[in-house]
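Participant: Below you will find the structure I want to go over with you.
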Amino acid sequence: MLLVASLNLQAQTVMIYRAGTAISPSYSSIKTAVAVAIDNDSLVLSADTFREQNIVIDKSLSITGSSFLGNRSLIDAGLPTDSSAIIFTNPNFPTTTNTLLIQGLNITNGHANNGFDAGGGAIYAGKGTTLIIGDFCTLFNNHAPDSSASFSGSRNGGAIYAEGDVYLKGASIIEGNFAVNGGGIFTTKKLELSTVTIVRKNIATEKGGGVFSLGESYFLDYTDIRENKAKMGAGCYSENGIVYLKNNAKIMANHSTLMGGAFYFKNVLFEMTDKAEIFFNFTDTNFAAAVYCTGNNEVNIKSGQIINNRSTNATFSGRGMALYNDSLTGTSSIITINNARIFNPKSDNSRDNEFYNAQAVSAFLSDSTWWGESDTTGLIYNAPTATVALRSWIVCEWSLNGGLPIGMAATFPVEAQFQLYTGAAIPSGMFSMLEGYFTADSGKFTPYIAKINSANIVRNIYNVPITTGGDKIIAFVDADSFKQSVYVLGLGIAPSKSFVHGISVFPNPATNYLTLRSTLPNHKPTQLTITDMLGKRVLSQELQFTQQDITLPINLGPGTYIVSLMQDHQGIFTQKITVQ
């Protein structure tokens, strides 16, 4: 009891550390400590609630919170119509840059009143500043409301308003904040979110539920932007800037009442790659559940997936659920989609116009993209005057030298035959629409691109040097030129992964079951293996194909898996599936 009493009597403290050494005395408020501190000092807060607002920081500092008996350091701005919890400025701009590092600290109840546009309920960061937030910081329930009769208001940036660079990392969280624009974050320069940063459940009454960006935005390293809401750009609204979505970043379950469930782009360069995902976002209208573009944009979707984005209104036709490219400004855009997965069914599971390109002047290009169907007719709409080059590729893969290293320079003749799934030859009149060619891990091809001949065969010579690892060759064929599906039959080298005619696995995406169908003439015992993307076996079972479909219950967590089938210890089928 004496110990509890002594803890209750202990006052909140702020210690100043200079060059790693504590400076006496301690202080009872953050404001007092900031006034005494000098550039590059560190402030360490006790595990208490600091009821302060308008903490003006005009130098480079770090502020570190503490935790004790379940309590964490918290700044509670507390007053409904006052100002930001922290106001970070640089009076010496543009000659210097001030840096503020915040870690292990929570900030709540900020209510910005810094001017009509410059908000930031938790933190306002002015020009010439760099704001770094990391190591389990949480900024929650902060506001940047519009003006009213009794309150001048600061409408932008519920948690953060920044005119300098902002870095969020180390599992920091921006949650439950509110603004007119930029419910979570409003930036005018550079924003980088990385290492499991989460921006969730923020609301903007107009633009950018999670993020509003007028500069560069980088969503990296398992960043998660989810469950935000806005009229336009519920996940992120970006204008006149650059947006990168990469390395397993996720934009999911955001809700726009008008357009752009995940993103709204206006005059933006956008790049999506490295297993990034845009999924389960919503719109209350009939277009742009995932991405809405207007103005002059360059959109490069290089990999990743845009799946299961949809309208909440079942009566709407659902145009451009993956991407709606508008033409209101009369300018042009370039849309490129490569190596991606696009699958956004409507509420009745039908699909049309996944990509809706309404611009009169635009370039719409697509290679190597999986649309969930072999025929993309009806999945893409292009304005009559748009420039379009659309290809979805089927792939067949061979391993050289049995997958073993090649001990000396060698030459491999390579050939592949392209046929319709019916087994019929490809009509010669369609040769000009077909591109079949090879790529490989190393070495060179002669010629670089080989053309199909009258027997539907593409031949090439692969010159490979000594390798320390296995080498593989990949053949590509354009499937969109044909009403019937095309597949690749390897002739010159035994394929390690055959594109076997007659086996299919569905549905994809799956939930709690898979159906396997085979029309192969043999009914040999077949070994089914399902592995996750790390190669871990999650299911193994022996099957016996007959004329009947095999329905297999699965109990797998959401994610991507590889389904493999083997007969006589030889691989006969491989397919990637998604489990929801």
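Participant: Calculate the FRET efficiency for Thr446 and Thr531 from the Cβ-Cβ distance with a Förster distance of 30 Å, rounded to the nearest 0.05.
Facilitator: The value I calculate is 0.25.
Participant: Would you pull out the residues with amide H under 5 Å of Tyr218's amide H, same chain only if 5 or more places away, H placed 1.01 Å from N?
Facilitator: The answer is Leu191, Glu192, Leu193, Tyr244.
Participant: Just the number, please: percent antiparallel of the DSSP beta bridges in region 1-210, rounded to the nearest 5.
Facilitator: Within region 1-210, antiparallel bridges account for around 15 percent of the total.
Participant: So, one more: Add +1 for every Lys or Arg and -1 for every Asp or Glu among the other residues with Cβ under 9 Å from the Cβ of Gly164, and state the total.
Facilitator: Cβ neighbours under 9 Å give a net charge of +1.
Participant: Once fully extended, how much extra length lies between Phe68 and Asn512, figured as 0.36 nm per residue of separation less the alpha-carbon to alpha-carbon distance?
Facilitator: 155.5 nm
Participant: Between their Cα atoms, which of Lys189/Lys246; Lys31/Lys169; Lys275/Lys444; Lys59/Lys246 are more than 31 Å away from each other?
Facilitator: Over 31 Å Cα-Cα: Lys59/Lys246.
Participant: Hey, any idea what the orientation-averaged projected area of the convex hull of region 17-114's Cα atoms comes to, in nm²?
Facilitator: 6.7
Participant: Around Ser67, under 13 Å between beta carbons, what's the net of Lys plus Arg minus Asp minus Glu among the other residues?
Facilitator: Surrounding charge for Ser67 is -1.
Participant: In region 45-94, which trypsin sites (Lys or Arg not before Pro) are in a loop and have at most 14 other Cβ atoms within 10 Å, using DSSP for the loop call?
Facilitator: Here the sparse-neighbourhood loop sites are Arg51.
Laboratory data are not the source of any read-out in this text; all were calculated from the coordinates shown. Just so it is clear, the structure is predicted and the values come from calculations on it, not from any experiment. Because the Cβ atoms are built from the backbone with ideal geometry, glycine has one as well, and the counts that use them run over all protein chains shown.
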